[in-house]
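Since the structure comes first, as structure tokens, the remarks are kept for the end.
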There are 2 protein chains.
Amino acid sequence: MTFYSKRDLQFQLFENLRVMELTRHAYFHDHTKEIFNLVLEAADQIAENYLRPLLTEMDRKEPQLVDGKIQVHEGMKGIIRQFGENGWINATFPYEEGGQQLPNTLHMAAGFIFQAANYSASVYPFLTTGAANLIRTFGSRELIEMFTPDMYTGKWQGTMALTEPDAGSSLSDLRTLAVPTEKDGIYKIKGQKIYISCGDHDACENVIHLMLARIQGAPEGVKGISLFVVPQKRVPNGTSNDVLTEGVYHKMGYKGAPIAHLMIGSNDGCEGYLVGEPHKGLSYMFQMMNEARIGVGMNATAIGTAAYHASLAYAKERPQGRKVGEKDPSKPQIPIIQHADVKRMLLFQKSITEGSLALLLYCSKLSDIVHVGEGLEKEEATLLLNFLTPIAKSYPSEMCCLTTSAAVQVLGGAGYTTDFPVEQYYREARIHPIHEGTTGIHGLDLLGRKVPMKEGKALQLFGRELTTTIFHAKEKNELSTYAEKLEKYLGKAQQTTLHLLAKAGNHTEAFLADATLYLEYIGILTIAWQWLKQGITAQEQLEKGTSEHEFYQGKIMCLRYFYEYELVKMDALGKRLLSSEMPTLDMQENWF
Amino acid sequence: MTFYSKRDLQFQLFENLRVMELTRHAYFHDHTKEIFNLVLEAADQIAENYLRPLLTEMDRKEPQLVDGKIQVHEGMKGIIRQFGENGWINATFPYEEGGQQLPNTLHMAAGFIFQAANYSASVYPFLTTGAANLIRTFGSRELIEMFTPDMYTGKWQGTMALTEPDAGSSLSDLRTLAVPTEKDGIYKIKGQKIYISCGDHDACENVIHLMLARIQGAPEGVKGISLFVVPQKRVPNGTSNDVLTEGVYHKMGYKGAPIAHLMIGSNDGCEGYLVGEPHKGLSYMFQMMNEARIGVGMNATAIGTAAYHASLAYAKERPQGRKVGEKDPSKPQIPIIQHADVKRMLLFQKSITEGSLALLLYCSKLSDIVHVGEGLEKEEATLLLNFLTPIAKSYPSEMCCLTTSAAVQVLGGAGYTTDFPVEQYYREARIHPIHEGTTGIHGLDLLGRKVPMKEGKALQLFGRELTTTIFHAKEKNELSTYAEKLEKYLGKAQQTTLHLLAKAGNHTEAFLADATLYLEYIGILTIAWQWLKQGITAQEQLEKGTSEHEFYQGKIMCLRYFYEYELVKMDALGKRLLSSEMPTLDMQENWF
């Protein structure tokens, strides 16, 4: 069963994003389109042969905690080995570290394929990549040599260990303690961590936690948090490092990945290695978190994409009912894809997932430029990526809960049964608005931090990018209506933002009370922009008289759908955001 | 754990709906408020003692097909017996039939309590009520005496058996065949039925299917469908009637209720009893389906209510973060209910579920008036109920997918685990936009049938009811803003409806292409009306200087929330509905 569109991924990367532009940077100089296509083809093969076949089974055979060890599906060992041996874990790292200097954009595109095939299985190697990247960026040579080689091969699992029972959204309340020892850079760690993805399992030989803790005597709050490498087993001797698995979470979906509750140093036997300088842990971790946030948006998009293709296939095959107005019951039934309401549900899924994919690959390209660019280009890419991160994380996460729901609806009763994969996609999509910062947290991040930062420079850059796209779209007759609409909504969004910012000084609570709605509002605008960009790319091909008329018409129809059905939602959100009524502030706890 | 608000149910029934007005009808004359409260208290006790304790367990121990028989949770036998022995199954039927002449409104309110406690378990007896009601309304005395007594005691299960593999939304394509026999009124039945709720299980001794089939030689389409009673075991001898269970569906949620795939007459041994006249089956079945549709709205609302109360309890207890602007990390964390965004998610849930409950109880009262009323009152109630049924089915069904999602979000990571019930509510809510007619079908019903019927008379009645509420709300200073808003949106909705109707003749496809959006649009308007009504009731109490200030303030705040955050969504939907662009019609199958 198709779970993503190869054709669309080609369009996204090479035609719309123009990913080959990256190869003008020295770091990516060796790469060609052929190499990138080999990378994508290799990802497709792993997805098809290793990940996809276990999708359902990994959902049904959940990880179990047996004698203190989490047992995962027996197929995971082989999958992780595939990722390690084929160089996926450190693909983006420099040649001298054994990497391939692959652009993050291609790594993300490959990730999209893996995630669409089997989200749970795809999580393990990507976590290791993020953890290893933290060590190699901020750790000493000693730490790098000690830990990263076995992470790159997939022998060891990497994690990010942040959350504690009393510190989820509020990281400043972390309590895990690090006490210096006589050994330089080594601390005794004590505390507990919850919701640690891949925090323990039997498909790898060791688990390397990148863990936040507070050095004894450190300042309160976020300024006193440090980053440690905390292996499950000591290196190199492999004895226990007193990181015990207290439990494994049973979840609604995303069941193939083990989420652990860990007790650290309960027997005073846990040693951790300080990464970088003391008290800078949170800023280091934010490197991993920002990558992970774009990653979460991609996970959601991939799951939404797989659900879209499953429901599309069903809609083409399932006969039910007749055209509106056709009353003759002796006429044969038509495939449901011919009903307007089913087409609406498919266009909804297609426009959200392909629009999100465009945004996420765009962000990935920005991250490549941040990595290898220089001067103004790098500075602007950094700002823009910072601004877009909460949107790229949250819009796909929230919306793919709805697109997977639409996929279930297309299948009707069948969609609610376990005979089809869409119900699993619906359950798996639901984690994304929660992990790596809830949608509420990202709303506060966008409106409270990203919009005002550097006197609104990121917001201005964002506006400039949209204006550029609008300018080019206006050059095409077929797109000028959409360009004008986007221009109008951009103008409204700027006014609305100013209206909100006016409250920032004196009425902080009122300023931020509807930050989640603001995030949705700007999210819609952002995806509308991505659709206008795709529209330009498609229209150029249509003007050239492409032989793939149908593919590009599909893109134009999605643009039209998005502007007719989604963009208008900004009217309702905008009205609310401009209102002076504040029921969520006035509401009292005991009135519920 | 609280799963509904007794106080709110009192408000809804006695203060807002004025359910006691029904007792002026002779049929309900014997009832008093005390009796109604005893009924509600009895329902609460069953819910608390029998249903609620099995909520989680019934989700985890799914029904299984063993040797051709579906085995359900062992507790179901006792639960069904409770319903039967305490007279719940035939409570609304006349005294002379052993019933209690209980208003449907009270039966629905009790159902709401059962469904909030354990949705799957509540389904069994309500299906039997509906099936028995069909027999007693349209069946012969012989059929009534043969089947209903053991259905009333809960010894036998009733079902509605409509769907077939090729006939789901398209009932006109039913193929199950009925061949006359020598015995008067008895037919040989042959075919298969899928998705039959409680279609087979071991908690009852027999299953009585109210089944649609086509008499040999009957006209094609809906005009050739007849209704039969098809028992699983023959009556009275208890031998097999050749209704075999081919399978049990495994589902995302709603797992405690067995949904069966049935083979009927595979060995030519199935006898069915014709109910009423030949070829009138669908019109008979619509009695049951219309009741069931209001019932589905109530199910969704009840699940949404239970999720709301679970997330409310969590939000009051869970400390996390500090007030916006409070930077001192040494200050204690605050309960998350104090965060504006959490209050927003709670107000969302409260306003949707209590607004839906008000609508559903209002529809139930209309159904009582249809049943016992006379003349114009009955005529108008019939029309209005007809008009409101697709809305009362679909708005709560669609929205409670979102409210249960908000409940999950309030709990964050915890909400995604099976340690809390909200993930189960999220899964269970998802069936309701599908069964008893998908949302798409109800959109077509509302716009294609209910709006134009009797020259728009139902729509006019609906407008008149809203106008009456607006008139009364304008008399109160505190509510006049909301009254004016509702008046404005009602006016817009009338214009939008006329705009759509103008296409009805020449462009039927365009007329109905966005019927689902129209349903949502009118749904929001309807719930806004229900909130204005509740606002009037609450404001009257506040003016009287009630001692329950907090409860009524909560109602006023919900009204404000709904008008600020939900009603504005009509702007976006209205804009779309007035647009002449039709991407869902223009989109071609091979462009996806």
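We did not get these values from a lab; they are worked out from the coordinates using the rules stated. A quick note: this is a predicted structure, and the numbers were derived from the prediction, not measured. Heads up, the Cβs are rebuilt from the backbone with ideal geometry, glycines too, and the neighbour counts pull from every protein chain shown.
Amide H to amide H distances under 5 Å link B:Asn206 with B:Gln157, where only residues 5 or more positions off or on other chains count and H is placed in the peptide plane. Placing a label point 7 Å from the Cα of A:Glu182 along the Cα-to-Cβ direction, the distances to the matching points in the other copies come to 10.5 nm, shortest first. Dipole of the protein assembly as shown computed with +1 at Lys/Arg Cβ and -1 at Asp/Glu Cβ about the Cα centre; of B:Asn49, A:Thr417, A:Ala504, farthest Cα towards the positive end is A:Ala504.
Helix B:549-561 and the longest principal axis of the C-alpha atoms of chain B enclose an angle of approximately 80°. Shown here: the stretch B:157-280, whose C-alpha atoms stretch 39, 36, 24 Å along the first, second and third principal axes, sorted largest to smallest. Rounded to the nearest 500, the 222 nm mean residue ellipticity of chain A from helices alone is -17500 deg cm²/dmol, with -39,500 (n - 2.57) taken per DSSP H run of at least 4 residues. The alpha-carbon atoms of chain A define a convex hull whose volume equals 180 cubic angstrom per residue.
Taking 0.36 nm per residue of separation and subtracting the current Cα-Cα distance, fully stretching the chain between B:Thr239 and B:Glu543 would add 102.8 nm. Taking the Cα centre of the stretch A:156-279 as reference, the dipole from Cβ charges on Lys and Arg (+1) and Asp and Glu (-1) amounts to some 160 debye.
In units of the rule-of-thumb radius 2.2 N^0.38 Å, the stretch B:374-481 shows an alpha carbon radius of gyration of 1.45.
FRET efficiency for the pair A:Glu21 and A:Arg449, taken as 1/(1 + (r/R0)^6) with r the Cβ-Cβ distance and R0 = 30 Å, rounds to 0.50.
Using the Cβ-Cβ distance between B:Thr56 and B:Leu376 with R0 set to 35 Å, the FRET efficiency works out to roughly 0.10. Legend: mean number of C-beta atoms from other chains within 10 angstrom of residue C-beta atoms, peptide B:568-574, equals 6.
Using the Karplus relation 6.51 cos²θ - 1.76 cosθ + 1.60 with θ = phi - 60°, the per-residue 3J(HN,Hα) values for the stretch B:101-108 come to 6, 6, x, 3, 4, 6, 4, 5 Hz, with x marking Gly and Pro.
Backbone geometry of the stretch A:447-460 corresponds, through the Karplus equation with coefficients 6.51, -1.76 and 1.60 at θ = phi - 60°, to 3J(HN,Hα) couplings of 6, x, 10, 5, 5, x, 4, 6, 6, x, 5, 5, 4, 5 Hz, x marking Gly and Pro. Coupling constants for the stretch B:111-124 follow from the phi torsions by the Karplus curve (6.51 cos²θ - 1.76 cosθ + 1.60, θ = phi - 60°), and in residue order they are x, 4, 5, 4, 5, 5, 6, 6, 4, 4, 5, 6, 5, 3 Hz; glycine and proline get x.
Taken along the Cα-to-beta-carbon direction at a fixed 7 Å, the label points for A:Glu145 and B:Ser579 span 6.2 nm. Summarising the overall dimensions of the stretch B:171-210 from its C-alpha atoms, the Rg and Dmax are 13.0, 34 angstrom.
Helix B:141-152 and the longest principal axis of the C-alpha atoms of chain B enclose an angle of approximately 50°.
Site pair A:Lys476 and B:His499 shows an inter-label distance of 2.8 nm when each label is modelled 7 Å from Cα along Cα→Cβ.
Peptide packing: for B:256-265, A:291-300, A:549-558, the average count of neighbouring Cβ atoms within 10 Å per residue gives the ranking A:291-300, B:256-265, A:549-558, highest mean first. In nanometres and ascending order, the distances from the A:His371 label point to those of the other copies are 6.8 (point 7 Å from Cα along Cα→Cβ). Taking amide H as placed 1.01 Å from N in the peptide plane, the amide H of A:Ile259 sits under 5 Å from that of A:Cys198, A:Tyr249, each at least 5 places away or on another chain. For the residues of B:319-327, the average number of beta carbons from a partner chain within 10 Å of their own beta carbon is 5. The other copies place their A:Gln287 label points at 7.4 nm from this one, listed shortest first, where each point is 7 Å from Cα along Cα→Cβ.
Between rounded, prolate and oblate, where does the stretch B:6-152 land on the alpha carbon gyration tensor, with a ≥ b ≥ c its root eigenvalues, rounded for a/c under 1.5, else prolate if a/b exceeds b/c? Oblate, since a/c reaches 1.5 and b/c is not below a/b. Shape of the stretch A:453-580 from the C-alpha gyration tensor: prolate (a/c of 1.5 or more and a/b above b/c, with a ≥ b ≥ c the square roots of its eigenvalues). Taking amide H as placed 1.01 Å from N in the peptide plane, A:Ile70 has its amide H under 5 Å from the amide H of A:His201, each at least 5 places away in sequence or on another chain.
Inter-chain Cβ neighbour count for B:401-408, averaged per residue, equals 3 (cutoff 10 Å, partner chain atoms only). Apply 1/(1 + (r/R0)^6) to the Cβ-Cβ distance of A:His29 and B:Lys223, taking R0 = 60 Å, and write down the FRET efficiency to the nearest 0.05. E between A:His29 and B:Lys223, to the nearest 0.05, is 0.25.
Simple point charges give the picture: +1 on the Cβ of Lys and Arg, -1 on the Cβ of Asp and Glu, and for the protein assembly as shown a dipole about the Cα centre of about 1240 debye.
For the protein assembly as shown, the average shadow cast by the Cα convex hull is 45.2 nm², which is a quarter of the hull's surface.
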